[in-house]
Amino acid sequence: MTRLDIMMVAAFLDFATTGMYAIFVAITNIVLIPHIAFSSVVAPLVAQASKNKDFANIKDLYQRTSLNHLVGSALLFICIIVNIENLLMLMDKMEYQNGIVICWCLGIAQMLAVAFGINGIILVNSPYYRLDLLVKLGMGILAFVLNYLLIPQMGYIGAALGTAIVIIGINVILTAFIYHKMRIHPFSGKMLVLALIVTALCCFNFYVLPSLDNIILDSLYRTLILSLLFLGLIFQFKIAPDINALAKDVWGRIMRK
């Protein structure tokens, strides 16, 4: 979707704005790294479970991977948001400061996409695999229409908003269809707790943490403090039991050496 919006920004706006928009898109796509990295591992498991009609296993994979991936994406989102202004200062591109809203808009949309989980993988391994292509074609058309309407009115913010609507829309449709046919979904109350943690840490960064004169030191100390707070809260509230178990296992091996 983002390739289409970049092309349409270039068509409607100037090349400098297109370059700025492309940079912010690339930065926010970092949020998807956990989901992309581990989806290739999960796909064969879903395929095997679908072949065996093991819907209980599919549901377990659906919920566990969505939560685990979302924890990783949330940490990356926090790191992006707290460092984006310092990054622009280091690049001497403060004229791009107004574009930070792109990071918020697309970053939140990408996190929601991660929260919706492996719906595409589940669908393509089901008897309804043709719907995946139809929905993506429909959303491609919607992306074109939204960008065509919003970019002339709102500029690059319109492009970000249109793309965010499409990202969320396609996931809502796929997830609703899977729930309708299989009665499974990826959501849990822990996702709400995770959202509150991310919101609280972003507010803590903007309203409590002091700014340092040295840009690099400022970024390092913000990233370190917020990462430690995030991980501490994740472990304290047992948001992702798989991550807690992995951390305990690693720590145990370290202590035995």
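Quick look at the values:
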{"item": "Residues His180, His35, His69, sorted so that the one with the fewest Cβ neighbours within 10 Å comes first", "result": "His180, His35, His69"}
{"item": "Two-site label geometry, Asp213 and Arg130: point separation in nm, points 7 Å out along Cα→Cβ", "result": "6.9 nm"}
{"item": "Partner lysines for Lys190 [C-alpha distance under 17 Å; skip if fewer than 8 residues away on the same chain]", "result": "Lys59, Lys238"}
{"item": "Cα-based reach from Lys136 at 16 Å (exclusive), listing aspartates and glutamates while leaving out same-chain residues under 8 positions away", "result": "Asp5"}
{"item": "Cα→Cβ-extended label distance, 7 Å offset, between Val145 and Leu231, nm", "result": "4.6 nm"}
{"item": "Ranking of Met89, Met139, Met111 by count of other Cβ atoms within 10 Å, fewest first", "result": "Met89, Met139, Met111"}
{"item": "Neighbour-count ranking [beta-carbon atoms within 10 angstrom, fewest first] of Glu85, Glu95", "result": "Glu95, Glu85"}
{"item": "Separation of alpha-carbon centers, the range 220-257 and the range 29-75, rounded to whole Å", "result": "21 Å"}
{"item": "Helical segments meeting 30 Å axial Cα length and Kyte-Doolittle 0.0 threshold in the chain (DSSP H)", "result": "55-90, 129-154, 156-182, 215-236"}
{"item": "Efficiency of FRET from Cβ geometry, Phe206 and Trp251, R₀ 41 Å, rounded to 0.05", "result": "0.80"}
{"item": "Over the range 98-199, relative contact order from alpha-carbon pairs under 8 Å, at least 6 apart, %", "result": "38 percent"}
{"item": "The range 16-123: trypsin sites (Lys or Arg not before Pro) falling in loop per DSSP and having at most 16 other Cβ within 10 Å", "result": "Lys53, Lys93"}
{"item": "Mean separation of Cα contacts under 8 Å (6+ apart) over length of the range 2-256, as relative contact order %", "result": "27 percent"}
{"item": "The range 1-148: relative contact order as a whole-number percent, Cα under 8 Å and 6+ apart", "result": "36 percent"}
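A short reminder: the numbers here are calculations on the coordinates, not readings from a lab. Computed from a predicted model, the values in this text were never measured in an experiment. For neighbour counting, all protein chains shown are included, and Cβ atoms are generated from backbone atoms with ideal geometry for every residue, glycine included.
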